[in-house]
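First up is the structure itself, then whatever we jot down about it.
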Amino acid sequence: MRFFSLPGALSCPSPAPAAKAHVQPETPKPMIHALTNLSPVAVIVVSILGFGFGAVWYSPFLFAKAWMEEMKITPQAVRSRSGRMPALVGGAFLLAVVSTVTLAALMAAHHSTGALRGADFGLLAGGGLVAAREGINALVEGRTLRHFLIVSGHDVAPCVFQGAILGAWH
């Protein structure tokens with residue numbers, strides 16, 4: 001059944017159908033069903049991989065310098081916060097697990113399997129939800145396009161990467 005289809009809408013009249021048994025459409029299962037069927041091992045492994053992806057994204061090899069310039073953060077300021085690093089890394093990893101569980105549950109609820117479908121789903125979620133909302137924040141806060149692209153790229157790319165892995169894992 002399509003989302004916007006109405007039985008008999010825009011159809012040509014047809015001869016009276018033979019008596020058929022009425023088939024009830026399948027009742028959608030609540031999201032908790034998708035959550036309870038997730039593989040904890042897959043979620044943890046994909047969370048670690050996504051977290052590692054983020055570490056590379058914000059490394060000196062990619063966008064650390066540009067991001068720090070946009071945020072007006074100096075290397076000295078980063079070093080002065082080193083005592084908070086365990087809480088920062090722990091909190092960031094916990095949020096990575098939450099986002100991975102959410103992506104995995106949405107993919108499971110929509111039966112998105114296979115690496116390509118998973119990547120496609122990740123692109124839709126990352127670009128259509130996360131980056132779009134981040135764009136609103138960037139506009140309101142007056143951020144530069146460069147800053148928006150660095151931050152939202154960090155959201156979209158891991159969603160695609162993790163979606164592909166989750167889809168292939170299934």
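The values are calculated or read from the model by the stated rules, or taken from the named source; none is laboratory data. Values in this document were obtained by computation on a predicted structure and should not be read as measured data. Because the Cβ atoms are built from the backbone with ideal geometry, glycine has one as well, and the counts that use them run over all protein chains shown. For accessibility, only protein heavy atoms count, side chains too; no ligands or nucleic acids. Shrake-Rupley method; radii C 1.70, N 1.55, O 1.52, S 1.80 Å.
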- Task: With a cut-off of at least 1 residues that are of a type in the set (S, T, N, Q), name the helices (runs of 4 or more DSSP H) lying wholly within region 56-170.
- Result: 75-80, 85-109, 132-141, 145-169
- Which one of these does Arg79 not meet: (1) open to solvent by 80 Å² or more (accessible area, probe 1.4 Å); (2) in contact (Cβ under 8 Å) with a residue 60 or more places away in the chain? (2)
- What number of residues within region 25-55 are part of a helix (DSSP H, G or I) and open to solvent by 70 Å² or more (accessible area, probe 1.4 Å)? 10
